[in-house]
């Protein structure tokens, strides 16, 4: 629950920016969900990744200021942006098919040093 008085300077309709910034940071920490990268399990099957979420600050700021200056009670849904994993199942499938590198070593039979 957010009260207008908590985010405005006393006696004015001006936003208290440090309080607003702290509120946004706290809100972002509450709604943030880290994406999960795709992996290859023990059975060598690809486990798909999962997207995460973070606060859409610009959209929330627009909604917040509309609420702040409207003078009527309102319910605001927190807008979220998708955060995609760095490694997805398509990338792992592509790496499985493509050879990344090669290494070979040879034994020299004339080398008698231990």
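Each value in this text was obtained by applying a stated rule to the coordinates, not by laboratory testing. Quick caveat, the model's predicted, so the values are computed rather than measured. Positions of Cβ are backbone-derived with ideal geometry, glycine not excepted, and every protein chain shown enters the neighbour counts.
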- Message: Taking 8 Å as the Cα distance limit and 6 or more residues as the minimum spacing, I'd like the relative contact order of the stretch 1-91 as a percentage.
- Response: 27
- Task: Return the FRET efficiency for the residue pair residue 16, residue 37: r is the Cβ-Cβ distance, R0 is 41 Å, and the value is rounded to the nearest 0.05.
- Result: 0.55
- Message: For the ranges 40-46, 106-112, 16-22, 51-57, what's the packing order if you count other beta-carbon atoms within 10 Å of each residue, average per peptide, and put the highest first?
- Response: 51-57, 16-22, 40-46, 106-112
- Item | Angle in degrees between helix 57-70 and the longest Cα principal axis of the chain, rounded to the nearest 10 | 10
- Note on the structure: Looks like the stretch 1-106, by Cα gyration tensor root eigenvalues a ≥ b ≥ c and the a/c under 1.5 rounded cutoff (else prolate when a/b is bigger than b/c, oblate otherwise), is prolate
- By how many degrees, 0 to 90 and rounded to 10, does the Cα axis of helix 17-31 deviate from the longest principal axis of the chain? 50
- Task: Quick one: order 64, 32 by neighbouring beta-carbon count within 10 Å, fewest to most.
- Result: 32, 64
